[in-house]
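Written out below as structure tokens is the structure these notes cover.
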Amino acid sequence: MSDNLFALYRTRVIEALARIVPDLPPEIVARVEVTPTREAAHGDMATNAALLAAKPARRKPAEIAAELAVLLAAGEGVSRAEPAGPGFVNITLAPATLQAVLPAILREGRAYGDSTVGQGTVVNVEYVSANPTGPMHVGHCRGAVVGDALANLLSKAGYGVVKEYYVNDAGAQVAALAWVVYWRYLETIGTPMTEAEFEALVPGGALQYRGDYLVPVGAALAQAHGPALADADLRAAAPDAWLDTVRDFSLDWMLRMIREDLAQLGVVHDVFTSERAILAAGAADAAIARLDQAGLLYEGVLEPPKGKQMADWEARPQTLFRATQFGDDVDRPLRKSDGSNTYFANDIGYHGDKIARGADVLVDVLGADHGGYVARMKAAVRAIAPSYAPDRPIGFEAVICQIVHVIKDGQPVRMSKRAGTFVTLRDLLDEVGRDAVRFTMLTRKPDAQMEFDLDLAVAQTRDNPVFYVQYAHARCRSVLRAAAEQPELGPVDAESLAGVALDTLDSDAELALIRRLSHWPRLVESAAEAREPHRVAFYLNDLAGDFHMLWNRGRDDATLRFLQAGRPEETRAKLALVEATAGVIRSGLAVLGVEPVEEMR
């Protein structure tokens with residue numbers, strides 16, 4: 001039997017439908033779904049097959065549903081199939097069909113739910129990609145967790161996955177960082193300059209990034225170079241004497257800090273790609289040339305941005321990309337009037353490089369301020385893809401992560417990176433721990449704003465989802481430890497329990513828990529295809545709820561308790577259910593990057 005009951009019964013539904021309505025168009029068959037019912041009273045699963053087949057068959061949906069229900073009810077493993085609504089069929093599985101899910105879980109362990117749905121497709125997931133100007137803060141954390149969990153989910157669903165970080169090391173912000181580090185360096189070596197004197201030399205007239213985190217960078221620079229980067233009187237030297245050295249030193253320090261911060265969060269990228277390296281390799285110019293060869297560039301003048309008055313707008317001829325041909329709302333400049341490339345041109349070159357490295361799907365996990373970027377990049381990828389990969393389709397997708405508001409004691413915790421008062425990722429991890437951070441960040445859809453309540457994240461209550469799920473796993477493990485101390489039960493490891501008789505697991509609560517376990521393979525596939533790792537957190541919360549309900553009902557009904565005195569075979573069946581539950585929780589937590597706990601402390 002297939003691990004994915006829903007895929008198995010979809011195949012059977014399609015076979016039965018073909019007997020009723022032969023020669024259905026393939027595009028209709030492809031839309032047939034078998035999904036969990038919303039209420040247990042309506043069975044275990046439902047299908048829309050009759051509704052889809054009605055129009056091409058020129059028959060009423062209810063008629064097809066009635067015939068389909070008869071065929072399905074007569075099939076293997078089904079106890080009941082009934083027409084429902086305007087062309088649906090509800091299917092109730094036989095208890096033995098549900099019970100047969102447990103041995104598969106026990107034999108496969110964390111691999112239960114692994115899929116081949118993504119086999120042969122390489123997905124490049126780019127996430128975090130924060131400017132290398134400081135440590136990770138809470139604003140970066142959500143994208144880091146969402147991107148990492150999405151990559152894990154895609155891998156479980158069979159996709160080839162590349163986890164990538166794009167280092168924005170070619171922009172003005174890196175030069176601004178170098179100026180601040182140089183000032184910290186001068187302070188360390190005892191410059192007689194005042195900060196005001198130094199700021200008068202800074203482009204723009206002011207230092208950015210004033211956080212104390214740059215003090216040790218300046219000190220390390222002084223230790224490495226002594227006073228060699230300053231004038232003889234320890235005042236600021238000309239920028240061409242120090243800027244490249246300080247910039248490279250600062251970048252190395254920041255990237256090391258970023259990697260360490262991410263490692264504490266459990267995030268490890270496969271690839272760090274430098275923007276400077278991409279530009280040095282000519283990737284942006286190559287992408288522009290490809291677009292030009294395809295006839296997708298022209299010299300033109302853009303309309304002033306919305307809200308700008310003509311008096312405030314200087315119209316200049318620029319090299320424009322015909323983005324509107326590919327779904328964007330305006331054509332986009334790739335070269336400015338001075339001949340330099342725009343940031344967007346650089347990004348097109350970078351995405352072309354991803355395709356050239358073998359990616360079939362490009363997924364960018366972006367912050368809330370990048371919402372307007374999606375349409376233009378989707379248009380650009382559609383335009384350049386044929387020249388980079390003429391023999392394979394290329395997709396571009398974006399996951400937008402909205403703002404996170406940190407709350408403590410009911411009050412917001414403010415952050416401001418440039419002022420140096422931001423809440424760092426390390427602060428957050430020290431406060432609540434990695435597992436709480438990762439799970440909590442996935443308890444809302446990424447495109448919805450969220451509040452991260454520091455007090456709730458460590459509370460041992462039902463309202464704390466990470467505690468609720470971890471507590472379910474800890475309870476499972478406590479039952480299994482207690483069983484291991486009873487010799488009359490024999491071995492209680494997963495492999496041994498996979499062969500026990502399961503027909504005694506017939507109560508509503510036990511079957512409800514098994515039913516939830518059977519959903520896991522389908523959820524992996526559907527969440528991966530939708531690029532929604534938060535569904536895993538929602539599922540684990542529901543699974544934990546089913547387990548806790550069974551546990552609590554055992555307090556009032558002794559027959560539902562996991563350890564049955566004098567009934568070893570019945571007990572071993574219940575232990576198989578407990579071990580399977582623990583196994584699926586571990587499988588789901590692995591996708592989220594959360595470690596299961598053995599006991600609550």
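Yes or no, residue by residue, for (1) closer than 25 Å to Gly433 by Cα; (2) of a type in the set (A, V, I, L, M); (3) touching a residue at least 24 places away in the same chain (Cβ under 8 Å); (4) open to solvent by 10 Å² or more (accessible area, probe 1.4 Å):
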residue: Pro521; (1), (2), (3), (4): no, no, yes, no
residue: Glu532; (1), (2), (3), (4): yes, no, yes, yes
residue: Arg535; (1), (2), (3), (4): yes, no, no, yes
residue: Lys574; (1), (2), (3), (4): no, no, yes, no
residue: Ala580; (1), (2), (3), (4): no, yes, yes, no
residue: Glu599; (1), (2), (3), (4): yes, no, yes, yes
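Of all the numbered requirements in (1) open to solvent by 20 Å² or more (accessible area, probe 1.4 Å); (2) among the aliphatic types (A, V, I, L, M); (3) more than 32 Å from the chain's Cα centre (by Cα); (4) within 19 Å of Pro95 (Cβ to Cβ), Ala565 misses one, and that requirement is (4). Reported count of residues in the stretch 129-152, each being over 30 Å from Tyr213 (Cα atoms) and surrounded by fewer than 24 Cβ atoms within 10 Å (Cβ to Cβ), is 1. Counting only residues that are closer than 19 Å to Arg80 by Cβ and either touching a residue at least 24 places away in the same chain (Cβ under 8 Å) or not in a helix (DSSP H, G or I) (or both), the stretch 2-19 holds 8 of them. For the stretch 244-267, the condition holds for no residue, the condition being that it is part of a loop (DSSP other than H, G, I, E, B), at negative phi, open to solvent by 60 Å² or more (accessible area, probe 1.4 Å) and of a type in the set (Val, Ile, Thr). Annotation note: of Ala368, Ala398, Ala380, Ala356, the sole residue that is open to solvent by less than 20 Å² (accessible area, probe 1.4 Å) and aliphatic (A, V, I, L, M) is Ala380.
Per-residue answers, yes or no, for (1) within 30 Å of Ala200 (Cα to Cα); (2) in contact with a strand residue (DSSP E or B) (Cβ under 8 Å, 6 or more places away or on another chain); (3) not in a loop (DSSP other than H, G, I, E, B):
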| position | (1), (2), (3) |
| --- | --- |
| Pro132 | yes, yes, no |
| Gly143 | no, yes, yes |
| Asp148 | no, yes, yes |
| Ala151 | no, yes, yes |
| Lys163 | no, yes, yes |
| Gln173 | yes, no, yes |
| Val180 | yes, no, yes |
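Residue check: is Leu320 part of a strand (DSSP E or B) and either open to solvent by less than 70 Å² (accessible area, probe 1.4 Å) or in contact (Cβ under 8 Å) with a residue 12 or more places away in the chain (or both)? Answer is yes for this residue. Which one is nearest to Thr443 (Cα to Cα) among residues in the stretch 539-572 that are free of Cβ contacts under 8 Å to residues at least 24 places away in the same chain and hydrophobic (A, V, I, L, M, F, W, C)? If we take residues in the stretch 539-572 being free of Cβ contacts under 8 Å to residues at least 24 places away in the same chain and hydrophobic (A, V, I, L, M, F, W, C), then Ala558 is nearest to Thr443 (Cα to Cα). Can Ala40 be described as in contact (Cβ under 8 Å) with a residue 40 or more places away in the chain and more than 30 Å from Tyr159 (Cβ to Cβ)? So Ala40 passes the test.
The residue of the stretch 27-79 that is farthest from Ala96 (Cα to Cα), among those that are out of contact with any Phe, Trp or Tyr (no Cβ under 9 Å at 6 or more places or on another chain) and of a type in the set (Val, Ile, Thr), is Ile28.
On the given criteria, is Phe439 in a helix (DSSP H, G or I), open to solvent by less than 40 Å² (accessible area, probe 1.4 Å) and either closer than 15 Å to Ile585 by Cα or not polar (S, T, N, Q) (or both)? Considered against the rule, which asks whether it is in a helix (DSSP H, G or I), open to solvent by less than 40 Å² (accessible area, probe 1.4 Å) and either closer than 15 Å to Ile585 by Cα or not polar (S, T, N, Q) (or both), Phe439 comes out as yes. Counted as qualifying within the stretch 332-430 are the strands (runs of 3 or more DSSP E) with 3 or more residues that are within 19 Å of the chain's Cα centre (by Cα), namely 361-367, 395-401. Every test in (1) modelled with pLDDT under 95; (2) assigned to a helix (DSSP H, G or I); (3) buried (at least 21 other Cβ atoms within 10 Å of the Cβ) is passed by Phe452 save one, and that test is (2). Against the numbered list (1) in contact (Cβ under 8 Å) with a residue 12 or more places away in the chain; (2) in contact with a strand residue (DSSP E or B) (Cβ under 8 Å, 6 or more places away or on another chain); (3) buried (at least 16 other Cβ atoms within 10 Å of the Cβ), Ala237 comes up short only at (1). Note down all Cβ pairs under 7 Å where the first residue falls in the stretch 64-86 and is farther than 14 Å from Thr11 by Cα, the second is of a type in the set (Asp, Glu) and assigned to a strand (DSSP E or B), and they're at least six residues apart or on different chains. That search, which allows pairs on different chains as well, returns Ala69/Glu82. Surrounded by fewer than 21 Cβ atoms within 10 Å (Cβ to Cβ) and either more than 28 Å from Thr440 (Cβ to Cβ) or touching a helix residue (DSSP H, G or I) at 6+ places or on another chain (Cβ under 9 Å) (or both), is that true of Pro61? So Pro61 does not fit the description; no. Scanning the stretch 84-140 for residues being among the polar types (S, T, N, Q) and closer than 30 Å to Arg276 by Cα gives a total of 5.
Which residue is modelled with the lowest pLDDT, if the candidates are limited to the stretch 205-222 and must be crowded, with 17+ Cβ neighbours inside 10 Å and touching an Asp or Glu at 6+ places or on another chain (Cβ under 8 Å)? It comes out as Leu207.
The values are calculated or read from the model by the stated rules, or taken from the named source; none is laboratory data. Just so you know, these numbers come straight off a predicted model, no measurement behind them. Please note: Cβ atoms are built from the backbone with ideal geometry, for glycine as well, and neighbour counts cover all protein chains shown. Accessible surface areas use protein heavy atoms only, side chains included; no ligands, DNA or RNA. Shrake-Rupley method; radii C 1.70, N 1.55, O 1.52, S 1.80 Å.
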